[in-house]
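Here's the structure we're looking at; comments come further down.
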Amino acid sequence: MTRATLEDGARQAPVDTQPHENINIIEETKVPAPASDPSVPAGPFPWAALLVMALMGFLLIATETMPAGLLPQIASGLHVTEGTAGQFVSAYALGTVIAAMPAIALTRGLPRKPVFLAGILGFLAANLITAFSTDIILSLGARLLAGAFSGLLWGMTAGYARRITAPHQAGRALSVASVGTPIGLAVGTPFGSWLGTAFDWRWSFGVLAILTAVTLLLAVFLVPDAPGQQAGTRVPLVRVFAIPGVAVVLGVIVSWMLGHNIMYTYIGSYLRGANLNLSVDVALVTFGAAAIAGIAITGAVIDKGLRRLVLLSLGSFLVAGAIFIVGQASLLAVLVAIILWGIAFGGAATQLQTAISAASGENADVANSMLGVAFNLAIFAAGVAGAVVISTFDGIVLPAALAGLAAVALAITVAGRRTAFPT
């Protein structure tokens, strides 16, 4: 080979290799994109896990409200007055108010499933202590503990349900996870009261403990884990409250649930004042069945129009309150009002949890713990306010509180169209 030929080959080498380098670059750009974010759920709708959460919600509501129907039996069994026995409800609510937000703030970065299981286990222990305790102080302490774990579970459930569900089905997931609330109101409280009356009040708490143990086992096998909140997105409690929309939703909760619980807690006084042939048990079961229908309606349409749904629910409260006032002498009218009231209330928890979760974003767990505190403050305040109303006036005026406070909530919702309940 001549020198000229070698030189020609050397000069041509860079030209010959350049296309191969371009091909390599092109091939590198054609590498498939990374897999989708593992934090975004994929796959079928998690019915089993959400129904376990709903069962836990049922137990939380039944445990909170059941003592109201067993006060004479509890007082007799623990040798205290009915007023002291009534603190079973107050202690539970107080535990939720005190512990909910700190518990959520401390655990929000942890994997969700271990926290969920720990909450159920603590709740189980509290109910077992209540079932076997013979000392009023120990019993009230157990109720305080049950309320604390209830606050943790209540605060985390909405965010947990959203994390294991595809984003476009988040509202539907909350509807399923929340269905235990109206069922607890419709079935749990009357059944617990019947069980305690027919046998012994301790049996009521014993059955709740057994069902909680079953729920714990189901959660172990059926509920998937989900990551906690990332450190970079965590906001202090005060700043969560300041997130646009959060305070608005909390204002709606307090006014809406205060009006609801004043009527619900003292509905017996209203029925007696109206002189209707309708027992409290039948009224509450009717309300609960209608509330389940409300949950179904909410689940079907919440992902398409949250604001319209909230406005419709609050408007239905106003109409129900008016029927209670105008049609108090008619059994049929009162039953229609109870059904309308129940349907409107059934989806309220889901609607409000969805609104506050959307407003708070990554801080949904902390915001939902505030929601639980607001609910329990409304329950506590309703007991006091309702007692003042029926002692000063008569149970027949309770619907005025229902409608009036619903109107306040409606006004706040309308004003919150830019943040909490966007158009």
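Which members of the stretch 171-181 meet the condition of being more than 11 Å from the chain's Cα centre (by Cα) and open to solvent by less than 10 Å² (accessible area, probe 1.4 Å)?
Those that are more than 11 Å from the chain's Cα centre (by Cα) and open to solvent by less than 10 Å² (accessible area, probe 1.4 Å): GLY171, ALA173.
If you scan the stretch 83-107, which residues turn out to be open to solvent by less than 20 Å² (accessible area, probe 1.4 Å) and either among the charged types (D, E, K, R) or under 12 Å from MET156 (Cβ atoms) (or both)?
Across the stretch 83-107, the qualifying residues are ALA100, ILE104.
Name the residue that is nearest to the chain's Cα centre (by Cα), counting only residues in the stretch 121-142 that are open to solvent by less than 60 Å² (accessible area, probe 1.4 Å) and without any contact (Cβ under 8 Å) to a residue 60 or more places away in the chain.
The qualifying residue nearest to the chain's Cα centre (by Cα) is GLY122.
Among the helices (runs of 4 or more DSSP H) contained in the stretch 328-423, which hold 3 or more residues that are polar (S, T, N, Q)?
The qualifying helices (runs of 4 or more DSSP H) are 348-360, 364-392.
Only one of (1) open to solvent by 20 Å² or more (accessible area, probe 1.4 Å); (2) touching a residue at least 24 places away in the same chain (Cβ under 8 Å); (3) assigned to a helix (DSSP H, G or I); (4) within 22 Å of PHE191 (Cβ to Cβ) fails for VAL282. Which number is that?
(2)
Can you tell me which residues in the stretch 182-206 are more than 11 Å from ALA62 (Cα to Cα) and in contact with a helix residue (DSSP H, G or I) (Cβ under 8 Å, 6 or more places away or on another chain)? Before the answer, list the steps.
Going through the stretch 182-206, the residues more than 11 Å from ALA62 (Cα to Cα) turn out to be 194-203, 206.
Passing the criteria: LEU195, GLY196, THR197, ASP200, TRP201, ARG202, TRP203, GLY206.
State which residue pairs qualify: first residue open to solvent by 10 Å² or more (accessible area, probe 1.4 Å) and inside the stretch 45-60, second residue of a type in the set (A, V, I, L, M) and assigned to a helix (DSSP H, G or I) in any location, beta carbons under 6 Å apart, and separation of 6 or more residues or different chains.
The qualifying pairs are ALA48/LEU222; PHE58/ILE183.
Looking only at the stretch 258-290, count every residue that is under 19 Å from VAL397 (Cβ atoms) and not aromatic (Phe, Trp, Tyr) and tell me the total.
Here the count works out to 19.
Under 8 Å between Cβ atoms, at least 6 apart or on separate chains: pull out the pairs that start in the stretch 252-269 with a residue that is buried (at least 23 other Cβ atoms within 10 Å of the Cβ) and end on any residue that is of a type in the set (A, V, I, L, M, F, W, C) and not in a helix (DSSP H, G or I).
Close Cβ pairs (under 8 Å, with a partner that is of a type in the set (A, V, I, L, M, F, W, C) and not in a helix (DSSP H, G or I)) amount to VAL252/ALA420.
Of the residues in the stretch 61-74, how many are open to solvent by 10 Å² or more (accessible area, probe 1.4 Å) and more than 14 Å from ALA142 (Cβ to Cβ)?
Looking only at that region, the number is 7.
I need the full set of residues from the stretch 367-402 which are open to solvent by less than 20 Å² (accessible area, probe 1.4 Å), under 24 Å from ALA68 (Cβ atoms) and not β-branched (Val, Ile, Thr), in order please.
LEU371, GLY372, ALA374, ASN376, ALA378, ALA382, GLY386, GLY395, LEU398, PRO399, LEU402
Conditions: (1) without any contact (Cβ under 8 Å) to a residue 40 or more places away in the chain; (2) over 24 Å from the mean Cα position of the chain (by Cα). VAL384 meets all but one. Number of the miss?
(2)
The values are calculated or read from the model by the stated rules, or taken from the named source; none is laboratory data. In this text the structure is predicted, and so the values were computed from the model without any measurement. FYI the Cβ positions are ideal-geometry reconstructions off the backbone, even for glycines, and counts take in every protein chain you see. Keep in mind that these areas ignore ligands, DNA and RNA; they rest on the heavy atoms of the full protein, side chains included. Shrake-Rupley method; radii C 1.70, N 1.55, O 1.52, S 1.80 Å.
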